[in-house]
Amino acid sequence: MALDPTLLSILACPQDKGPLLLVDDELLYNPRLHRAYPIEDGIPVLLVDEARTVGEEEHEALLARAKGSAGD
């Protein structure tokens, strides 16, 4: 289930209040803090305690996936 583009445009990271990248309709990613927020049953879980920290290698992969899905 894809996130509505309008909803995506207003969602922000709960930690730094900055924009998030949608990665394959699986998660929302904050590349500034290297934090990934899950999407469960089409609902973004934007809780700091539910986010996971991403290492440098996964960070690069997520950025590439986000850029690839941006053109869809």
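The values are calculated or read from the model by the stated rules, or taken from the named source; none is laboratory data. Everything numeric here is computed off the predicted structure, so don't read it as measured data. Cβ coordinates were reconstructed from backbone atoms using ideal geometry, including for glycine residues, and neighbour counts include every protein chain displayed. Surface accessibility is based on the protein's heavy atoms, side chains included, excluding ligands, DNA and RNA. Shrake-Rupley method; radii C 1.70, N 1.55, O 1.52, S 1.80 Å.
Things to note:
- Accessible-area composition of the chain, carbon plus sulfur, in percent [1.4 Å probe]: 55
- Label-to-label distance, nm, for residues given as residue 4 and residue 52 (7 Å Cα→Cβ offset): 2.9
- For the chain: accessible area per residue (Å², 1.4 Å): 63
- Computed lengthening from residue 67 to residue 17, 0.36 nm per intervening residue step minus Cα-Cα distance: 15.9 nm
- Gaussian network model of the chain, springs between alpha carbon atoms under 10 Å - residue of 61, 36, 12 with greatest fluctuation: 61
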